[in-house]
Structures are given as C-alpha cells and as structure tokens.
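*Asks:* Take this structure first; my questions come after.
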Amino acid sequence: MRTRFAPSPTGPLHLGHAYSAITAHDFARRQSGAFVLRIEDLDQSRARPDWEAQIFDDLAWLGLTWDGPVWRQATRSQAYEAALTSLTKRGLLYGCICSRRDIAEAASAPQEGASPVWGPDGLVYPGSCRPADGGAPLTGPARRLNMAAALTGCSEIAFQELADDLKTPINHIQKAAQFIDKMGDVVLARRDGAAAYHLAVVVDDAAQDITHVVRGADLLSATPIHALLQHLLGYPKPFYHHHRLIRDSHGKRLAKRDDAKAIAKFRSEGAGPDDIRAMVGLPPRSG
C-alpha cells in the first residue's frame, strides 16, 4: 500500500495538517507500506520556497519519514497536458472565457425561480460556454469537462471509503443525473494554462501508485469528480479515507491563516511531537 501527504507551500502547516500527515504516515507504516510526500505548488504566485522548507522541517520534527524523492506539481505540466490532450481528442473538453464574476452573474439570473447551486468549487457552472449539441467547442483560456458527454453510457459514479477504523469499506454511489446537477462542468485547466487541482491530483495519485488517499472530510464532495476522471483516464481507483477536521474553539476548521495553530508556533513554545499528537487526539509515537 502507498499513502501520501500533499501540502501546498503557501503558508505554515497547522494542527490540521499534522493530523492528516500523521494519520497517513502511521497507517502506511503499520501496514509496512510506503508514505510519499508531494508538494502541490500549482499556484506559483503564492508558493514560496521558505514555506516548502518549513514543511520539510515540521514533518521531520514530528518524526515522519517519506519514501523516495519529493514530487512537485510545478514540474509535472507535461503529464497534465497529456491527460488534457487525451480528453480533448475524445471531445470531452471545451474552452471557457468566463470569469468568476461572469459565473456569479449568470448563476444569479432568474431561471424560473431556481436557486443557484453550490458544488465543490463554489457556484456550479451554468454552462455559458458549453457547446450546443453537435456544435464545435469554443476556444478559451480555461478548459472545462463537458460533464454530460463524460457521463455518456455511465449510470453512476462510485468509489470506496474506509471508515474511521481504516478497515471497514463503505461504498459511495452517486447517480449520474444527480452528479451533473451537483458538480457542473468542472475546470480541468485554469485560465493561466496550469492544470486545475482536480486533474493534477488524479494524474499524480495514479503516477505515484497511491493505493490509499488519506485527506480531510472537506474534500469528500470532490472525490466523485476524481473517481470519474480515473474512469475516463483508465486509472485504478484508490481507497479513500476522509478524516475529521481539526477545528478551533469556535468550531471553525483551521486554515493557513491560522498562525496561532501553526506547528512552528507550538514548537517555539516548547511543545514536543507527542504534544502535537495529543492536541489532535492521536496516540503517542510507538517505539
């Protein structure tokens, strides 16, 4: 088995990151499996070398070790473009010129009293640039997956989750018709030409032979998209475990801006690795 931790170098790691990394690492080690580290630095405007260095330092301090070289998404553009080309040749992508403002305005326009629908990426795309049946796809800086075309001949999207015991499998099944309404035509390549998260994470998990994806419950709603892309690209489907989120005293999940919960801050105040584990409800290190 192979698990991974894939942080973005856009801020300090906080307690939520510690929980996710430790959970994936310890799960792999208990099974004599591999744990790999991937840096998700697609957004080069926000990625910083000093944050990346801090990631390595914090993980090592926590006692986590990773197998093989560290992968960086910024160096993987050829692999992403190959996947995009495959989907394009099958008529599953179209160009999009819409800005976030365009999408918000289109989604809020009166449509027989319907309310805007929210999905994993925010407002579900209303299809402004989607080609008409039989029409040629438009060109545009962003590229979207034509969800209806991608689901042709597919009645449902399914993936397997592991329960909190990391043993019991749970089947997630979503009907294709509901999937289209809830997800819309998701972006697979951004306006700047870089691969979008949904595409990059699926391509990289397959390339790194990840068998078990351990990540936060906030990404559960996006997993059906990833299962569909795995199907379209001929990739094996890993098992998933979407763990609980670490929250602050007000019940709000932690974010990069929560420096008060940063691992580095606790380290500077004298906390040890097992103190961090205790803070997030995990047992101390074995051995």
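The values are calculated or read from the model by the stated rules, or taken from the named source; none is laboratory data. Since the structure is predicted, the reported quantities are computational estimates derived from the model, not experimental observations. Because the Cβ atoms are built from the backbone with ideal geometry, glycine has one as well, and the counts that use them run over all protein chains shown. For accessibility, only protein heavy atoms count, side chains too; no ligands or nucleic acids. Shrake-Rupley method; radii C 1.70, N 1.55, O 1.52, S 1.80 Å.
*Asks:* Work out the length of the dipole vector of the chain about its Cα centre, built from +1 on the beta-carbon of each Lys and Arg and -1 on the beta-carbon of each Asp and Glu, and round it to the nearest 20 debye. Each step should come with its number before you reach the end.
*Replies:* Numbers: 34 positive and 32 negative charges, 23 e Å.
The calculation lands at about 100 debye.
*Asks:* Among Asp205, Asp165, Asp274, which one moves the most in a GNM of the chain with springs linking Cα atoms closer than 10 Å?
*Replies:* Asp165
*Asks:* How big is the gap, in Å, between the Cα center of the range 11-83 and the Cα center of the range 139-207?
*Replies:* 22 Å
*Asks:* If you don't mind, there's one more thing I want to ask. Can you compute the helix-only [θ] at 222 nm over the chain? Use -39500 (n - 2.57) per DSSP H run of at least 4 residues, normalise by all residues, nearest 500 deg cm²/dmol. Intermediate results must be reported in sequence, preceding the final value.
*Replies:* Details: 10 runs with 98 residues, N = 287.
Computed mean residue ellipticity for the chain: -10000 deg cm²/dmol.
*Asks:* Cross-link candidates for Lys237: which aspartates and glutamates have Cα within less than 18 Å, leaving aside residues fewer than 8 places away along the same chain?
*Replies:* Partners found: Glu156, Glu161, Asp204, Asp205, Asp209.
*Asks:* Probe of 1.4 angstrom, ligands and nucleic acids ignored: what's the accessible area per residue over the chain, in square angstrom?
*Replies:* Here the per-residue accessible area is 49 Å².
*Asks:* Can you compute the modelled spin-label distance between Ala217 and Ala158, with each label point 7 Å from Cα toward Cβ, in nm?
*Replies:* Output for this residue pair reads 2.5 nm.
*Asks:* Follow-up. Taking a spot 7 Å from the Cα of Arg30 along the direction of its beta carbon, which residues of the range 272-287 have an amide N less than 15 Å from it?
*Replies:* 281-287
*Asks:* Determine the relative contact order of the range 1-150: mean sequence separation of Cα pairs under 8 Å and six or more apart, normalised by residue count, in whole percent. The partial results should precede the final answer.
*Replies:* On the way: 180 pairs, mean separation 31.8, N = 150.
Here the relative contact order equals 21 percent.
*Asks:* I'd like to know which of His172, Leu62, Ala264 lies farthest towards the positive end of the charge dipole of the chain, counting +1 on Cβ of Lys and Arg and -1 on Cβ of Asp and Glu.
*Replies:* Value computed over the given set: His172.
*Asks:* Please report, as a whole percent, how much of the solvent-accessible surface of the range 1-146 comes from carbon and sulfur atoms (probe radius 1.4 Å). Each step should come with its number before you reach the end.
*Replies:* Numbers: 3730 of 7340 Å².
The nonpolar share, carbon plus sulfur, comes to 51 percent.
*Asks:* Going by a 4.7 Å Cβ-Cβ cut-off, which cysteines of the chain have no partner at all?
*Replies:* Cys98, Cys154
*Asks:* Suppose we keep just the DSSP beta bridges with both residues in the chain; what percent of those would be antiparallel, to 5?
*Replies:* Working: 18 of 30 bridges.
DSSP beta bridges in the chain are roughly 60 percent antiparallel.
*Asks:* Right, something else. Between Gly122, Gly193, Ala107, whose Cα lies farthest towards the positive end of the dipole of the chain when Lys and Arg beta carbons carry +1 and Asp and Glu beta carbons carry -1, centred on the Cα centre?
*Replies:* Farthest towards the positive pole: Gly193.
*Asks:* When ranked by the protection proxy of mean other Cβ atoms within 10 Å per residue, highest first, what sequence do the peptides 147-153, 36-42 form?
*Replies:* Numbers: 147-153: 16.0, 36-42: 21.4.
For the peptides 147-153, 36-42, the packing ranking is 36-42, 147-153.
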